[in-house]
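Colleague: Mind having a look at this structure? Questions to follow.
The values are calculated or read from the model by the stated rules, or taken from the named source; none is laboratory data. It should be emphasised that the depicted structure is a prediction, and the values quoted were computed from it without experimental measurement. A quick note on method: Cβ atoms are made from the backbone with ideal geometry, for glycine too, and the neighbour counts reach across all protein chains shown.
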Amino acid sequence: MTDLRSFIDKVREESPEEVLTISREVDPRFEITALVVKLERERRYPILIFEKVKGSAFPVVTNVHASRRRLASAIGSEPRSAVADYLRRIEHPVAPREVSNGPVKEVVLKGDAVDLRAIPQIVHHQDDAGPYLTAGITLARDPLSGRLNCSFNRLMLLDKNHTSIHLTVAKHLWE
């Protein structure tokens, strides 16, 4: 297993009931999260793949980390030993390896071609200030030290190439 696609394929093969594909068009304003909430109330936590999202050519995949069994499987472990396995592994990190091709390089947009509005504009709750990327990966460099920080953050989409972020005091990105 090397990427999200292969992980979903593995889950689908081992536990087909844990992957639910929605083929009809869905509205990114509330409809996606409404289905997640409905399933949670039924104590069901499948990976959800929305193939057609109104206003976007991109699908949406959510609930990937919604069960301990899937989290453990993602690191090649079992639920009972996943925490210990994870802690042991972070003591011996694997260095990243740059590749010249692969799924991550299938679509490359630069400069004026970048338009964040092409990403599904998901509004989760009635009181949200706007659409959000709920697990956006933020790379930020400290202008004084040059130190690089990488973190998951909830990013509100503002326009074609701007987002806003809430920085939390006493967290690495704040510092």
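Colleague: Would you pick out the residues in region 1-32 that are loosely packed, with under 14 Cβ neighbours inside 10 Å, assigned to a strand (DSSP E or B) and of a type outside the set (S, T, Y)?
Modeller: R24, E25 - these are the residues of region 1-32 that are loosely packed, with under 14 Cβ neighbours inside 10 Å, assigned to a strand (DSSP E or B) and of a type outside the set (S, T, Y).
Colleague: Could you tell me which residue of region 54-74 is surrounded by the most Cβ atoms within 10 Å (Cβ to Cβ), considering only residues that are aliphatic (A, V, I, L, M) and over 16 Å from the mean Cα position of the chain (by Cα)?
Modeller: Applying the first criterion (aliphatic (A, V, I, L, M)) to region 54-74 yields 57, 60-61, 64, 66, 71-72, 74.
Narrowing the set further to residues that are over 16 Å from the mean Cα position of the chain (by Cα) leaves 57, 72.
Numbers: A57: 9, A72: 18.
Step by step, filter region 54-74, then rank; the result is A72.
Colleague: Considering each residue of region 4-16, count those that are under 22 Å from V53 (Cα atoms) and among the acidic types (D, E), and give that number.
Modeller: Adding up the residues that qualify gives 1.
Colleague: From the list K38, K52, exactly one residue is of a type in the set (K, R) and touching a Ser or Thr at 6+ places or on another chain (Cβ under 8 Å). Which is it? I'd like the intermediate steps shown before the answer.
Modeller: On the way: K38 fails: touching a Ser or Thr at 6+ places or on another chain (Cβ under 8 Å).
The conditions single out K52.
Colleague: Would you call R80 over 19 Å from S6 (Cα atoms) and loosely packed, with under 10 Cβ neighbours inside 10 Å? If you could, list the steps in order and put the result at the bottom.
Modeller: Numbers: over 19 Å from S6 (Cα atoms): yes; loosely packed, with under 10 Cβ neighbours inside 10 Å: no.
Here the answer is no, as R80 does not meet what is asked.
Colleague: So which of L35, L39 is within 18 Å of the chain's Cα centre (by Cα) and either of a type in the set (D, E, K, R) or surrounded by 12 or more Cβ atoms within 10 Å (Cβ to Cβ) (or both)? Give the steps one after another, and end with the answer.
Modeller: On the way: L39 fails: within 18 Å of the chain's Cα centre (by Cα).
Result: L35 is the single residue among L35, L39 that is within 18 Å of the chain's Cα centre (by Cα) and either of a type in the set (D, E, K, R) or surrounded by 12 or more Cβ atoms within 10 Å (Cβ to Cβ) (or both).
Colleague: Specify which of the listed residues (R80, R41, R24) is more than 28 Å from H124 (Cα to Cα), charged (D, E, K, R) and either at pLDDT 95 or above or assigned by TED's automatic domain parsing to the domain that holds H124 (or both). First the steps, then the outcome.
Modeller: Working: R41 fails: more than 28 Å from H124 (Cα to Cα); R24 fails: more than 28 Å from H124 (Cα to Cα).
None of the others qualify; the one that does is R80.
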